[in-house]
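Structure, as structure tokens:
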Amino acid sequence: MVGYVRKSNAGGALKISINTSAFQDCSTYETSDGQTYVPLVISMNAVRRVIDGERAVTTVSQLQDN
């Protein structure tokens, strides 16, 4: 887990919080234009449950290749 997603108090936005220590440990990839990105995933079904108020939060993760 790298962080979490929750609905804003006003309900009009999703707030994404990333743990800085976990983020530094994430793997990255570089695009052909030289930009570096950190690939993260959030379950669409879990986000829908957050939006619908069925869950308070869901996780932001990075898939690990073993």
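Where a number appears in this text, it was derived from the coordinates with a stated rule and is not lab data. All figures in this text were calculated on a predicted structure; none of them were measured in a lab. Cβ placement follows ideal geometry from the backbone for every residue including glycine, while neighbour counts extend to all protein chains displayed.
Structure summary
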| item | result |
| --- | --- |
| Separation of the VAL47 and GLN35 label points, Cα + 7 Å toward Cβ, nm | 1.8 nm |
| Relative contact order for the stretch 3-60, counting Cα pairs under 8 Å that sit 6 or more residues apart, in percent | 39 percent |
| Estimated D of the chain in µm² per second, where Rh is the Kirkwood radius over Cα pairs and Stokes-Einstein applies at 10 °C, 1.306 mPa s | 121 µm²/s |
| Amide H contacts under 5 Å for VAL2, placed H, 5+ residues apart | VAL60, SER61, GLN62 |
| Residue-by-residue Karplus 3J(HN,Hα) for the stretch 20-36, coefficients 6.51, -1.76, 1.60, Hz, glycine and proline x | 5, 5, 5, 4, 5, 8, 6, 6, 10, 9, 10, 8, 4, 8, x, 7, 10 |
